[in-house]
Amino acid sequence: MRKPVIAGNWKMYKTVRETKAFFTKLAPLVAGAEHAEMVVCPPFVNVAIAVESAKSTNIEIGAQDVFWVKEGAYTGEISAPMLSAAGCRWVIVGHSERRRYFGETEEAVFKKTVAALDAGLKPIVCVGERLEQRESGATEAVLAEQFAGGLAPLTPEQFVRVSIAYEPVWAIGTGKTATPGTAAQAHGFLRSRIRDRFGAQVAGACRILYGGSVKPDNIKALMAQPELDGALVGGASLDPASFAAIVSYPVGAT
Ligand code: PEP
């Protein structure tokens with residue numbers, strides 16, 4: 001009922017030339033894939049070449065961040081209408097690296113999500129606890145706070161166009177994946193929050209992706225959990241064969 005989304009977050013990797021080469025290799029490997037929506041999120045400067053390279057393929061392009069004002073004196077920022085005009089269809093909001101290194105707050109996450117929706121983009125809003133929060137038993141409290149600040153203030157009409165990525169910070173870039181059961185428990189908790197705020201129908205339709213050291217050899221077990229509706233993939237999305245193998249989880253590695 002919920003079509004999975006497999007999204008790659010390239011972070012601050014790849015040049016224009018490398019971006020072009022990536023899509024030349026990826027496109028034929030995933031040409032037949034219809035079971036999931038496929039998204040690649042390159043750095044801003046590579047969006048144009050990514051959109052051009054992915055034209056006439058089943059791969060959509062997203063950005064890794066967005067500012068909430070449409071235009072103005074905000075040196076270095078990129079707005080949602082600019083991303084949309086450049087051919088982006090998706091945008092990651094509130095990634096833990098943005099929260100950690102750039103001080104992104106729940107209020108910023110909310111404002112960025114609204115701006116993205118207003119421009120017709122599909123936001124993937126990231127939430128997740130740090131290691132010490134998990135170890136002290138605060139995981140659900142953290143997720144509840146992130147949901148309350150960044151997502152609950154949306155209207156139901158806005159929320160239905162949002163996907164969530166549960167990304168435990170201790171699993172990002174560490175090679176330490178959450179077990180499928182641990183991930184499913186967090187997803188279930190988030191879904192219960194969505195149900196309380198937006199009702200059962202909206203909760204049942206909301207796609208919650210898992211992110212944190214997803215690789216070709218663990219995607220199948222993760223996706224076997226009905227609570228997991230796809231993956232946000234960092235490191236393993238940089239290599240076309242590895243990303244294609246993740247996309248191809250129902251049939252095994254390509
Ligand atoms: C991410 O950047 O969102 C991520 C999950 O990274 P990695 O897959 O490398 O852990």
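Only the coordinates and a few stated rules stand behind these numbers; no lab work does. Predicted model only: the values in this text are computed from it and were never measured. We place every Cβ from the backbone using ideal geometry, glycine too, and count neighbours over all the protein chains shown.
For this structure, a couple of remarks:
- Residues whose placed amide H lies under 5 Å from that of Gly230, excluding near-sequence neighbours: Val5, Tyr210
- Prolate/oblate/rounded call for the stretch 146-227, Cα gyration tensor, a/c under 1.5 rounded: prolate
- Reachable lysines from Lys176, criterion Cα separation under 25 angstrom, eight or more residues apart if same chain: Lys11, Lys14, Lys215, Lys220
- Distance between the 7 Å Cα→Cβ label points at Phe102 and Ala148: 2.6 nm.
- Relative contact order for the chain, counting Cα pairs under 8 Å that sit 6 or more residues apart, in percent: 21
- Added length on full extension, which subtracts the Cα-Cα distance from 0.36 nm per residue, Val69 to Lys176: 34.9 nm
- Charge dipole (Cα centre; +1 on Lys/Arg Cβ, -1 on Asp/Glu Cβ; no other charges) of the stretch 1-74 amounts to roughly 140 debye.
- Computed from backbone phi with θ = phi - 60° and the Karplus coefficients 6.51, -1.76 and 1.60, the 3J(HN,Hα) list for the stretch 206-223 is 6, 8, 10, 8, 9, x, x, 6, 6, 9, x, 8, 10, 5, 5, 5, 5, 6 Hz; x is used for glycine and proline.
- Whole-Hz ³J(HN,Hα) from phi, Karplus 6.51 cos²θ - 1.76 cosθ + 1.60, for the stretch 18-35, glycine and proline x: 5, 5, 4, 4, 4, 5, 4, 7, 5, 3, x, 5, 10, 4, x, 6, 10, 6
- Take the Cβ atoms of Leu29 and Ala224, set R0 to 25 Å, and the FRET efficiency comes out at 0.65.
- Farthest positive-ward along the chain dipole, Cα basis, beta-carbon charges - from His35, Met1, Ser84: His35
- Exposure proxy order (Cβ contacts within 10 Å, fewest to most) of Asp229, Asp196: Asp196, Asp229
- Once the chain from Val160 to Asp217 is taken as fully extended at 0.36 nm per residue, the excess over their C-alpha distance is 17.4 nm.
- Take the Cα of Arg89, step 7 Å toward its Cβ, do the same at Ala48, and the gap between the two points is 2.2 nm.
- Prolate is the label for the stretch 1-105, because the ratio a/c of its alpha-carbon gyration tensor axes (a ≥ b ≥ c) is 1.5 or higher and a/b is greater than b/c.
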